[in-house]
Each structure stands twice: as structure tokens, then as C-alpha cells.
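The values are calculated or read from the model by the stated rules, or taken from the named source; none is laboratory data. Keep in mind that this is a model prediction, so the values were computed, not measured. Glycine gets a Cβ as well: all are built from the backbone with ideal geometry, and neighbour counts include every protein chain shown.
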Amino acid sequence: MTLPRALVGLVAAALVLSACGPTMPALDVLSRPDETSGPPGAAPQLLETPREDVPSALEKLVGDGLPEPLIEPDRVLSGGPPPDGIPPIDDPRFDAVGAVDWLDDDEPVLALEVDGQSRAYPVQILIWHEIVNDQVAGVPIAVTYCPLCNSALVFDRRLTGPDGVVRLVSFGTSGKLYNSDLLMYDRQTESLWSQLIGLGVAGALTGVELDRYPVQTVAFGSWREQNPDGLVLNRDTGEQRSYGSNPYEGYDEEARDPFLFDGRADDRLPPKRRVVGVATPDGSAAIAVDHVLLQRDGVVPVRFDGRDLVAVMVDGAASALDAGLIAESGVVGATAVLEPVVGGERLTLRVDGDALTDLETGSTWSVSGRALQGPLAGSSMPAVAHTDPFWFAWAAFYPDTELVTDPVRP
């Protein structure tokens, strides 16, 4: 089964096709610094909005004055752990990139850049915690990763509720799944949120969409070379976990069934095939680019939502869901969706190892769209918010998605 058709527009709007981060109105409560320490050189964390006296959707999705949920309650399944049994990271600590000696070069990290500040969130940590409530360049964000769907997304934690009130929320893990995807909850209203689409689906904040920031899953070695002043989330999380090991060994095998997925399979691709997924704000269109095609061609032009974009794949970035040790896993590549335009001029990109080169100037570009060397060094091209989920998950939330695939190697 899929989401009701009436919800498709709301779902797609959560994956905003945007080249820059969102802006939000300021509130006094959002501008008061907390006294907790942050990473080196970072501003103190912002205070969250207090817990509200509203019915919780953690136990019941319907009744008790709650709005009608946007998902089918009988398809919300327990993943096993209780709320926050998979503990989110609320006090993230960071190391300077030069001090990190515990990550293999090919290990995947979530690469985020906000207002010139670069952070790397190792998937070997995210796989055990799934959510990091953080702040970058004064922007409160949630870095999220659902291993069951292989979906990595970053959200702005400032949101406007149905009552018009701007809130600063933090997120936890509910212990529940929908379409095998993580259902997050916010601690202010205990509403439920579908992680893959960034949408409030049950509780007081039902129907509220989270703004997104572009994030790429890249190889740590490449990120380290391209971001010498960057910060890396460290393993001082307050929890004892076997960081570096993969609790989902072999999960990304295409022949292996998704965990607790009760939706209808879309047979255009194998369920566990990775795709690059993007959707329009109004829900009128969604698109997925097959990783097999990207592995062959490196750069795939895509005409989408009136824009000429490219999906790209560069070398590096091991799977986090393959071998028992992530450092021993097979390499799957790092992807991005870019609009290759700088100063009004369109560029032609080609893959050059773990980076990109434009044919017009010979400048070298990171997969995030930042010029590293050459005549255009210091420039940037718009990066589009995307994710790299398994096909079964993308197709479940976007059943009418356009699929760009290799007709020779389906």
C-alpha cells in the first residue's frame, strides 16, 4: 500500500528542490544562548521551545483531540526499541579534521555545509543513533539517517505550526516505522514525523513540513582533503556503542527483503537498488535516477521542474550496510544533484576520480558543488536537496515518480 493520493502533494513538498538553505523568522526564545558547550569555534546551542500541553501521538495516533493522521495507523509498526531506545545525540561534540585517526578513507560521512561552515557526520556513528540535534552557523538542524531505507536528510529544527507559532524543536526516535522508514518524534508536542519525507504525519503538528538542507554521503578521505578546516562529529556521545561495526550486516544485498516493509513493491527496479531521489515542492513531480546508470556514466543530465540539472557520482564512499565492519565494506560511490551554472554560465561536468571537472575552465569541483582549484576556485554552484534511498522506500512514498534508468542493465 502507499500513502493516500491526497497526501502525495504534502509528501513531495517536504523534499524541496532548493539551491540554498531556508530562512525562518526569529523569536526571542530562538535567540537566547544555552550554556552548554558546542564544538570548537561554534556558537552556544540555542534553547528549545518548552514541552507543550498537547496530546501525544507516541502511544495513540488517533483520538484524544488529535488531528486526523496522514498515514494509516494500522500500518505503523514497532521496530523493536521503545522511544529513544535508539538514542539521538543531543550534545554533539566535534574534532578538528586533522585530529581524526579512527575513520578509514572510504568510510561514509554525511557532508554538510551551512554558511561556509563544514561538518562531517560519520555514518558509523549515525547508524547507532539515527538523529543528531545540532547547530551549524547559528542554524539549528537535525541530521538524520535511517539505515533501513538508507536515507540521509538534514532538516531545519525551526518550524511553524498550524497555529502560526514558530517553534524550535528537537527530535527523538519513536521506535516505530512506516514503510520501513524511521518515524521521528519532536519532544515539544510528541508528534510523529516521517523521516524520508520530513513531514508531520500524526499529532499536533500533523501536516507541517520541515525545511531541508542539501547533504551528500561522501568518502571521509575526500572530505578531509577538501575541507581542511572542517569539523567531524566524534564518538564521545555519552553512549557505549560498537562504532565502526555494522549492526545490519549484508542488509544492502539486492536479493534481501526490506525489514518490516508491508507496502506494495514497485517492480521497475529491485527493492534494494539505490536511487537518487528528488521531488518538487508542490508534489506535481518526483524523479529517481538509478545508481546503476550513474555508476556507468558518472554524470546524468536531468530536466526536472523546469531546471536543467545533473545527477553525479564520484569515486569513494563505502556502503554502511555491507560488511560487519564498515571500513571493510564495498564502495558504492558518492552522489549529488547539481545545477551546473556559475555567474549565469552553464558548465559541462565530468567525473575526475573523487571530484568533478568542468570542461569550460578546467576547474575542479567537490561533489557538493564547491570549486576547489582552477579559475573558478571559491565559486559554488547550486546543490539540490536529494537523498539516496533504496528504491522500495522512494517508490512507496512517491508511487508516480519518474524513473531514469539504464535500459541495457535494468
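D211 fulfils the conditions (1) at pLDDT below 95; (2) surrounded by fewer than 23 Cβ atoms within 10 Å (Cβ to Cβ); (3) under 22 Å from V62 (Cβ atoms) except for a single criterion, (3). Residues of the range 183-202 that are of a type in the set (A, V, I, L, M) and outside any loop (DSSP other than H, G, I, E, B): L183, M184, L192, L199, V201, A202. When the residues of the range 224-237 are filtered to those that are closer than 24 Å to V276 by Cβ and out of contact with any helix residue (DSSP H, G or I) (no Cβ under 8 Å at 6 or more places or on another chain), the one that is surrounded by the fewest Cβ atoms within 10 Å (Cβ to Cβ) is E225. Screening R157 against (1) at negative phi; (2) free of Cβ contacts under 8 Å to residues at least 12 places away in the same chain leaves a single unmet condition, (2).
Of the residues making up the range 93-117, those that are crowded, with 21+ Cβ neighbours inside 10 Å, closer than 19 Å to R212 by Cβ and out of contact with any helix residue (DSSP H, G or I) (no Cβ under 6 Å at 6 or more places or on another chain) are L110, L112, E113.
Residues in the range 258-290 that are touching a helix residue (DSSP H, G or I) at 6+ places or on another chain (Cβ under 9 Å), in a loop (DSSP other than H, G, I, E, B) and of a type outside the set (F, W, Y): 18 in all.
Within 22 Å of A111 (Cα to Cα), touching a Pro at 6+ places or on another chain (Cβ under 8 Å), touching a residue at least 24 places away in the same chain (Cβ under 8 Å) and of a type outside the set (F, W, Y), is that true of L294? Taking the combined requirement at face value, the residue does not satisfy it. The residues on offer are A371, A377, and the sole one that is assigned to a strand (DSSP E or B) and among the small types (G, A, S) is A371.
If the condition is being at pLDDT below 80 and among the small types (G, A, S), then the range 269-284 contributes G283, S284.
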